[in-house]
Structure formats: C-alpha cells, structure tokens
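The values are calculated or read from the model by the stated rules, or taken from the named source; none is laboratory data. These numbers were taken from a predicted model, which means no experiment stands behind them. For neighbour counting, all protein chains shown are included, and Cβ atoms are generated from backbone atoms with ideal geometry for every residue, glycine included. Surface accessibility is based on the protein's heavy atoms, side chains included, excluding ligands, DNA and RNA. Shrake-Rupley method; radii C 1.70, N 1.55, O 1.52, S 1.80 Å.
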Amino acid sequence: MRILGIETSCDETAAAVVVDGRVIESSVVSTQIALHAPFGGVVPEIAGRAHVERIVPVIREALRLAGLGPDGAGVDAVACTVGPGLIGALLVGVSAAKSLAWSWNVPCLGVNHLEGHLASPFLEAGPDAGPELPLLTLLVSGGHTLLVLVRTPTSYEVLGSTIDDAAGEAYDKVARLLKLGYPGGPVIDRLATTGNPRAIAFPRAIRDRPYDFSFSGLKTAVANHVRTNGVPDEDASADIAASFQAAVVDALAEKTQVAGRTLGIRSVAIGGGVAANAALRERIAAIGAAEGWQVHIPDRSFCTDNAAMIAAAAWWWRQVDAPLGLDASADPNLRLRRPG
Amino acid sequence: MLIAAIDTSTIAVSVALADGDGLVARFDAPRVRRHAETVLPALEAVLTLAGRTRREITHVCVDVGPGMFTGLRVGVTTAITVAMALDLPVVSVGSLDLLAWRVALGGAHRGTVGAVLDARRKECFVQPFAVEPGEVPVPLAPAAALPPSSAAELLRRHGCSGIVGDGPVAYPEPFAGFTVLEPRYPDAATAAIVALRTIDSATSADEVTLCYLREPDAEIPKDLRP
Ligand SMILES: [Zn+2]
C-alpha cells in the first residue's frame, strides 16, 4: 500500500511517499527556519503563509521523486497530520490531503503528529525486521518531551512527559540568553563541543516523579548565571552551553535508562528535533550498548519533522482509525491515546 | 467547459459550478465560518446536484482575497491542490473585485462604487471601482487595508456614493453618508460567472498567490534587534 503523507503542523512543509509503512520512496521537507529566525521562534501567521506557498511544489516533488505523476496513479491513500500543532498551519495540510484524496478518489487518513514520530523507528526496516519489542522511545522536540513504551506499532503507553518546558524550548531560550540565534538546538550542540560540561553545576532531573521531566528550573539557573556573571565571552559561552547540554542529556538519559531497566525493554529509540543533537545520540547509544538493548537512532532528517513518518503511521493505524470525511478539520490540541 | 468556483474569504462559505451557458449549481452558507469542514462537502454537493463528476471539471476558480487569512488559505489550498491533482488551470479573482462585479452584474447602479470588507483590528479592506452595468469593473485605486475613517475618506475622494461589502456593518459611523448596496460578502456564484469572462487569465496551480494586504502580526523581540 503506497501512501502519500503530508506534514504541516509547525514550520516544515513536507510530503513523502512510503510503501507499507516502511519503504521510503521519497521524502521532501521544505523548512521555514530562515523565515522565523529573526523572531526567535515560529510565528504562526508566517508559517501559514509559507505552507500555502510551498504545498503544491513540495507535493509535486515528492510524487516525482517516487516516480509518480500529479494524477496520483499508484497512490493508494493520502495521509496528513491533523494535530497537534498550529491550527493555521495544520489546516493547509489537512485541506491539501483531503483535496488530493477527493480528486484521486482514494481514502484520506488523519495522523497524530506524535504517533508519526513513534512510527519512525519502523521505517526502512524489512517486513520481519524492525525494532525488537517492547521498544522504549524518547521523543524530544521544541514542543514535546515524552518517554513512551511501544508494545506494538499500534499499542503504546506514555510513561512520562515534561511538567513544564519541552527540552527543545529550553535550548531555544538558552541560545537566546547567550545571543546565539534561533533555533537553539544545533548551535548549542556545536558550541558545547568546545566547552567544559563540568564548568557549571546546573540542576538535573526532578527526583520525585520517576519518568517525568522538568526544564524550567534549568533554564532559570542558566538565566541567573548569565545575570550574575554578565554577558559571557566566547569561552564562557561554550562552558555554559556544554554545562547546560550536559544537564539536559543527563536528565533525558537517566530517566530513559531507569525506565528501560524497570520495564524490561528490548530496544530503545529516539525521535524529535532534539534527537538530531549529537550529545544525546551518543549518550543513548552508549546506554543501549551497556544495557544490551537494540538502539534505533534515525538519520537526523528523520528525527526532525518529516512526512515519511506521517505516511508510516497512517499505514500502521489504517485498520484502527476510520478515514477522514470530507468535513474533517484539524485538532491543534490532539494528544496521544490512553492505553486500552 | 465546467468551472468549479470556491469562495472562503469571509465568514460566508460558497461553492458554485458554471458552464458555457452560465451558472449550473450553487451552495451558499452565509455565516458558517467553518471553512475547512464545509468546502469539500459543498463541492461534492454541487456536483451531485448538477449530475456531474469531478472528472468533468475543466477550470478551478478561487477568491484569493483580501479577507480572513485562515479562511482564504483553506479555500486557496483546496483550489490549487484539486487543480494539481486533476491537472486543471486556476482562475484567480479578488474579493473586492467580486463585490464590484456583483454591482455591475446587478445592473441597478452605475458610476463609482466602493468595495469595503471588514478586515478586523479596526481596519477595512477597501477599493474604489468605476462600474457600468454588465461591464468589467475598473479599479480607481489599489486595494488597501485602512482604518474605516481613512477608507471612507478615500472613497469620497474618488466620488463613490454607494458602497458594497460588510464594511458598513462592522463600522456604521464612518460610512453613514454612503448608500449601502448588496451584497455583504463576495460569493462563488459570482466568481464562477466572472471566471467565464476572465478565463484567459487562468494560470497553473503553482502560480496562484494570495492577496493579504497586511504583513503578518509579528514583532522582532527587543533583545534580538540589531
Ligand atoms: Zn515533531
């Protein structure tokens, strides 16, 4: 089953063609980072405008790279992210997907963006391969920080989440404090390699909730440090970046390791924009090796938002969820399902 | 020929079909607001009413604004993706032009007329037109987003006595001196009729551009300014 996936929940306009939730025939991502960077974050109206401008060329390109034409011959279904995300951005993808499905007379499948990230470790695996289950997935991005136990591709349980800021949000805020620009993740990751991660003892994980995360205290600690010591020079910035990143990675890794041991998992995966971060990738790989878990660290382009994961999730959920009606809309506050 | 027209530029949502003989079927929901939920069911409905299929559509026509940003994006995205999928050209029409066209096609008013739509945030989208019954309305100034009093002033300067659109509903006082003409909102049936006359302006789906007339609401934070 060949699915054209469409993703427009935030600041990437993406389309991809995926067969049976695994074989990626094409994946096109048009990022809007440069448009939002001057504002220090994603501006919803700018995102909405860019999505409309880019949606047709991006879909055309995804079809072309998959050897398909705009007449949709060979496409068995269209899938789109219905939430969570920015409503004005989501509506572009949902409108496009419904229109294509209607025009081509194929089903339109609605996908939860987070379930898209959870489907990523199953991409590019052979029909009998794929991660050993149960799989523990750490999903970290600008909008989400989640630890999820995946029993099968369509059965999972959220173990923990952030009680305040998402990890990626903390990166953006700290980058702004250090005047490093937006987005914060890649630039802090780069700068941290030249700094001393033990230079400053920033606070780590919260202890009373076994699998929950908190990053607002850490962010405040960095802000206080900058206020007390003045605007840092390059070396001091590198030390702050390294120490901050060590605190984030420690918190994420520690809870992942505890959860994995407690629950007897067979494999571990990471996803989301912060999973493109070198320090986190190295740490999770090290933990997996030490614990004897299979480790699934996707290529960076499949950690950040993309449409291949949306097409994959649509395939896994196709027999559980009814296709979208012509009157379907987006749900900006969509959440992951409760088990059962 | 079969033109499918879409208008989601205001709280009204409408879809219409026209062929060489004129209007075939229309759907008008004057105050639904729910653009994403309504457009495709409406398109399906007018085709069913007309006993036609999506494969028979030869042109898509869409109102590209100005108007409600989110509504416009739903209508335009629907129009351009249907056009891409069915390999059809797109006729773009403006919401203020459509209001002027309604007056011209109605035939009761001649002279200058102001098209005024509520733009929210204490502004109007406004444009003066010279209108002759049955003729193409001629814009007398570029479309603009202006405070209501400046919009009224602009229209007076161009000698407009009548205005069309929901501007005077939202801002009665500044427009008190004008004769208010029907309709309040642009509609797809008019767009389809206009498309019959402007069909040579059709473009590919990739070339369709929205008319916002206003910069995105975004300010560069103080600490990020150079
Ligand atoms: Zn994401």
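Descriptive notes on the structure:
- Where chain A is the region considered: accessible area per residue in Å², 1.4 Å probe: 38 Å²
- Ranking A:Leu65, B:Leu154 from most to least accessible surface, computed with a 1.4 Å probe over the protein chains only, gives A:Leu65, B:Leu154.
- Counting Cβ atoms of other protein chains within 10 Å of each Cβ in A:94-107 and taking the mean gives 6.
- Considering only A:Val140, A:Ala16, A:Ala73, and ranking their Cα positions along the charge dipole of chain A that arises from unit charges at the beta-carbon of Lys, Arg, Asp and Glu, the one farthest toward the positive end is A:Val140.
- Taken across both chains, chains B and A shield about 3100 Å² of accessible surface from a 1.4 Å probe.
- Largest first, the residues B:Glu44, A:Glu12 sort by 1.4 Å accessible area into B:Glu44, A:Glu12.
- Residues of the range A:151-179 with amide N under 19 Å of a point placed 7 Å along Cα→Cβ from A:Glu254: A:159-168, A:170-171
- Prolate/oblate/rounded call for chain B, Cα gyration tensor, a/c under 1.5 rounded: oblate
- Extension gain, A:Arg338-A:Asn224: 0.36 nm per intervening residue step, less the Cα-Cα distance, totals 37.2 nm.
- Inter-probe distance in nm under a simple model that places probes 7 Å from Cα toward Cβ, at A:Glu61 and B:Val138: 4.4 nm
- Working from label points 7 Å from Cα in the Cα-to-Cβ sense, the B:Asp87 to B:Glu56 distance is 2.1 nm.
- Charged side chains reduced to their Cβ positions (Lys and Arg at +1, Asp and Glu at -1) give the range B:156-226 a dipole of some 340 debye around its Cα centre.
- With DNA, RNA and ligands ignored, accessible area of A:Lys219 (1.4 Å probe; Å², nearest 10): 50 Å²
- Put a dot 7 Å past the Cα of B:Arg110, heading toward its Cβ, do the same for A:Ala129, and the two dots end up 7.7 nm apart.
- Beta bridges per DSSP with both ends in chain B, % antiparallel, nearest 5: 65 percent
- Helical mean residue ellipticity (222 nm; -39500 (n - 2.57) per DSSP H run of 4+; nearest 500) of the protein assembly as shown: -11500 deg cm²/dmol
- The fraction of accessible area contributed by carbon and sulfur in the protein assembly as shown is 51 percent, rounded to a whole number (1.4 Å probe; ligands and nucleic acids excluded).
- In chain A, the DSSP beta bridges split such that about 60 percent are antiparallel, to the nearest 5.
- By a 1.4 Å probe calculation restricted to protein chains, A:Thr304 has an accessible surface near 50 Å², given to the nearest 10.
- Per-residue shielding of A:36-42, expressed as the average number of other chain Cβ atoms within 10 Å of the residue Cβ, stands at 3.
- Taking every residue in B:78-90 and counting other chain Cβ atoms within 10 Å of its Cβ, the average works out to 6.
- Order by protection proxy (mean Cβ within 10 Å, highest first), peptides A:325-336, B:157-168: B:157-168, A:325-336
- Selected from A:Asp235, A:Asp189, A:Asp20 as most flexible by GNM, with chain A as the system and alpha-carbon contacts under 10 Å: A:Asp235
- Taken about its Cα centre, the protein assembly as shown carries a charge dipole of roughly 880 debye when the Cβ of each Lys and Arg holds +1 and the Cβ of each Asp and Glu holds -1.
- Among B:Leu43, B:Leu117, B:Ile57 - extreme Cα towards positive end, dipole of chain B, charges at beta-carbon: B:Leu117
- Measuring between alpha carbons in the structure, the pairs from A:Lys255/B:Lys222; A:Lys98/B:Lys122; A:Lys173/A:Lys255; A:Lys219/A:Lys255 lying more than 29 angstrom apart are A:Lys255/B:Lys222; A:Lys98/B:Lys122.
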